[in-house]
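Bear in mind these aren't lab numbers, they're just calculated from the coordinates by the rules spelled out. If you're wondering where the values come from, they're calculated on a predicted model, not measured in any experiment. Here the Cβ is made from the backbone with ideal geometry for all residues, glycine too, and neighbour counts use every protein chain on show.
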Amino acid sequence: MARPVWSGVITFGLVTVPVRMYSATEDHTTHFHQLQRGTDDRVRNKRVNERTGKRVEYDDIVKGYEVADGEYVTVEREELAEIAPGKSQVIDVSGFVEATEIDPVYYVRAYYLAPSGDQYEKPYELLRAALAESGKTGVATFVMHSKEYLVALRAAEDALTLHTLHWADEVRDPREELPALPGHERSGSKELKTAQQLIDSMSTPFRPQDYSDTYEERVRALVEAKAKGEEITPEEGPPEATNVVDLSEALNRSIERARSGKAASRGASKAQSKGKTQARAGSKVQGEGKGSSRKGPALEELSKDELYQRAGKQGVKGRSKMNREQLLEALGGSGKAA
């Protein structure tokens, strides 16, 4: 069970909802220790007084702001908390906007919000459902760990999600930061139309479970190989840049490859579907011979969303992180209706 990283209230209008906040993501990166080369000796970072060279305990450290060369104003943690005590416990929703109005470059990190107690479930669900029905996103501010955040409050299928955002002055203007940008492509040009066709031919639903961190897999394979005294084959380098002269040809070949790939995928799906249909038909005949009757569709016939809803009704833990196959297995995916 995850532990809350913050607790307080959401306020919108005159409504106040006590909530607890939990991290929505976790890091799967392989973490390394620092060692001195040629040894197994750990290298550690320590808090050391720059002048005396002696170690300083955490409780003896205060924050300092340099107002002149070598001259500081010191601030205690308690003083930072006291300047805005209410801010550190309130997610203050100032308004609601269309989700598409927030450029993805502003998003930083995601959290889940849960009601602080059973008595707060009604107003919590009311806010979640209202956001879901309207398609709106709440814009709010709150303070956590002595830092104020701009946040977006959104409705997921079962919970409210909170996304920390960059402030406007933290987002760089590409026209000012990048060394050179090309002029806009002429609307209706042949290359633009071909590029749009390529995008259409490569369009697909977003299924996060279809993607994996292949670099992380290579890192783990490297560690395992070195632990066994083996060598690992290096990956090929990046492909060469497309020559402007060959751009149209590269686009057309890409479209052909994407379409042929989709056709092959559809063929495999039809064959798989046909096999499942025949298997279900055989199962039905077998069941009828035993005098049994099937109620409702088989689990394999349900979509991921339908499986997720059933998992919720049955109290399956960890269902939000499961893909369709894992949901089937958790529900006892034997093909029988649950």
- Query: Taking N as the number of residues in region 168-243, what is its alpha-carbon radius of gyration divided by 2.2 N^0.38 Å?
  - Reply: 1.81
- Item | Cα-centre dipole for region 1-102 with unit charges at Cβ (Lys and Arg positive, Asp and Glu negative), debye to 20 | 540
- Query: Given C-alpha coordinates of region 52-147, what is the ratio Rg to Rh with the Kirkwood estimate of Rh?
  - Reply: 1.14
- What ranking of Ser203, Ser7 emerges when the number of other C-beta atoms within 10 Å of each C-beta is taken as an exposure proxy, fewest first? Ser203, Ser7
- Inter-probe distance in nm under a simple model that places probes 7 Å from Cα toward Cβ, at Lys46 and Arg175: 5.4
- Query: Mind listing the phi-derived Karplus ³J(HN,Hα) values for region 143-148, rounded to whole Hz, using 6.51, -1.76 and 1.60 with θ = phi - 60°, and x for any glycine or proline?
  - Reply: 10, 9, 6, 6, 9, 8
- Message: Students often check this: by mean Cβ neighbours within 10 Å, which of 135-142, 31-38, 95-102, 56-63 ranks highest, and how do the rest follow?
- Response: 135-142, 95-102, 56-63, 31-38
- Query: Order of 182-188, 254-260 by packing, highest average Cβ count within 10 Å first?
  - Reply: 254-260, 182-188
- Note on the structure: Taking 0.36 nm per residue of separation between Ala130 and Lys147 and subtracting their Cα-Cα distance, the length gained on full extension comes to 3.2 nm
- Diffusion coefficient in µm²/s returned for region 1-106 by Stokes-Einstein, Kirkwood Rh over C-alpha pairs, 4 °C and 1.567 mPa s, is 66
- Peptide ranges 17-26, 69-78 listed from the most packed, as the mean C-beta count within 10 angstrom indicates: 17-26, 69-78
